[in-house]
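Inspection log for the structure reproduced underneath, given as structure tokens.
Where a number appears in this text, it was derived from the coordinates with a stated rule and is not lab data. Note that this is a predicted model, so its numbers are computed, not measured. Here Cβ is always computed from backbone atoms with ideal geometry, including for glycine, and neighbour counts include all displayed protein chains.
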Amino acid sequence: MAMLNVKQVNKQGQISIGKKYAGKKVRVDEYPDGTVILEPIVIISEFEIELFKNKAFQDRLKAFDRWEAGNKPSETDFSALEENFEN
């Protein structure tokens, strides 16, 4: 349920809506009666949208998720890496 929260618009036409929205994008809907609605949004590219629609790509993501579930991160052995670089 929405809470009533009154804010004052400053002389520059700005309003602070809280730190949880800092740096985020919002859609601003303005209505003839003066109502203004701010809706948090995320913008993604057409390329990303096509990836999400692509079944082959989705199958690869699912395969990676399965692989990742069975291959937990482990600490890197830097001395073994150095040996590989020297050879």
- Task: Sort out for me the helices (runs of 4 or more DSSP H) sitting completely within segment 45-87 that have 3 or more residues that are surrounded by 10 or more Cβ atoms within 10 Å (Cβ to Cβ) and among the charged types (D, E, K, R).
- Result: 55-70
- Go through segment 27-52 and count every residue that is among the basic types (K, R) and within 17 Å of V9 (Cβ to Cβ). 0
